[in-house]
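Below is one structure, written out as structure tokens; the observations come after it.
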Amino acid sequence: KNFCMALRGNRRLIRAVYERIAKISTHECKVLIEAGVDAIWPSDDIAYRSGPMVSPKDLKEFFFPWLHEVGWLAKRRGLPVIYHSDGDLRPVMEDILNCHVDALHPIEPKAMDINELKQKYGDRLAFIGNIDLEYTLTRGTTRDVVTLVRKRIQDIAPGGGYAVSSSNTIPGYVKFENYITMVKTTKKYGRYPIRH
């Protein structure tokens, strides 16, 4: 509530907050790069299922400059950048791509259609996730998991640019047998080159 009110009435405060975030994030990125990480994975949820939490214009002004800086630091060292945000990111996909992002996670199923994203952005962006947490991994059967994982591999993996993962983290309420099934199914059917 206070953040939203400040967006309207105290944008200097919002700018100061994001400048502080940018300073911390870029320092963290530099430390990780020097430590020898293989990729940079900034995370900051900026969207609901219905779309961005704030206007794309505000994201462009306040949020994307620091993500761009983090992406640029990674690219200077030849490291891939994986960006995490839940929700429908389609209104700001070009902004995300302009921040040197190579892969997007977790592709929340009820927010975005991964097939549509692959068709539109698959030549510029890799995708990680989209294995449903709301039903398949939590309440579904192992057969449901096999079916969904195989479908994602068959539909999204050809040509490269897909890694199987849940549609967020793996919380404690995920059925253990379903998690193991996701891993085993991925190992069985998800090796490149993908064969139908």
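The values are calculated or read from the model by the stated rules, or taken from the named source; none is laboratory data. Since we're looking at a predicted model, the values are computed, not measured. Neighbour counts are summed over all protein chains in view; Cβ atoms, including those assigned to glycine, are modelled from backbone coordinates with ideal geometry. Calculation scope for accessible area: heavy atoms of the full protein, side chains included, ligands and nucleic acids excluded. Shrake-Rupley method; radii C 1.70, N 1.55, O 1.52, S 1.80 Å.
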Checklist entry - Probe 1.4 Å, all protein chains in place: accessible area of Val17 in Å², nearest 10? => result 60
Checklist entry - Which value, in Å² rounded to 10, gives the accessible area of His84 with a 1.4 Å probe and all protein chains present? => result 20
Checklist entry - Counting every Cα pair in segment 1-108, what percent are over 16 Å apart? => result 58
Checklist entry - Reachable lysines from Lys110, Cα under 23 Å, same-chain residues fewer than 8 places away excluded? => result Lys118, Lys120, Lys151, Lys175
Item to check | Which of Arg152, Arg8 is most accessible, then next, and so on - probe 1.4 Å | outcome: Arg8, Arg152
Checklist entry - Within the P(r) computed for segment 111-196, what percentage of the Cα pairs occupies the region above 19 Å? => result 34
Item to check | Cβ-Cβ FRET estimate between Ile24 and Ser55, R0 fixed at 25 Å, reported to 0.05 | outcome: 0.55
Checklist outcome for this item: A chain fully extended from Thr141 to Ile194 at 0.36 nm per residue, minus the present Cα-Cα distance, gains in nm 16.6 nm
Checklist entry - At 222 nm, what helix-only mean residue ellipticity would the chain give, in deg cm²/dmol to the nearest 500, using -39500 (n - 2.57) for each DSSP H run of four or more? => result -14000 deg cm²/dmol
Item to check | Derived scalar couplings ³J(HN,Hα) [segment 102-108; Karplus, 6.51 cos²θ - 1.76 cosθ + 1.60; whole Hz; x for Gly, Pro] | outcome: 9, 9, 10, 9, x, 6, 4
Next on the checklist: For the chain, I need the span (max minus min coordinate) of the C-alpha atoms along each principal axis, in Å, sorted largest to smallest.
Outcome noted: 53, 37, 32
Checklist entry - Accessible area per residue, 1.4 Å probe, Å², for the chain: what's the number? => result 57
Checklist entry - Can you give the longest stretch of the chain with no exposed loop site, where a site means chymotrypsin sites (Phe, Trp or Tyr not before Pro) in a DSSP loop (not H, G, I, E or B) with at most 13 other C-beta atoms within 10 Å? => result 1-134
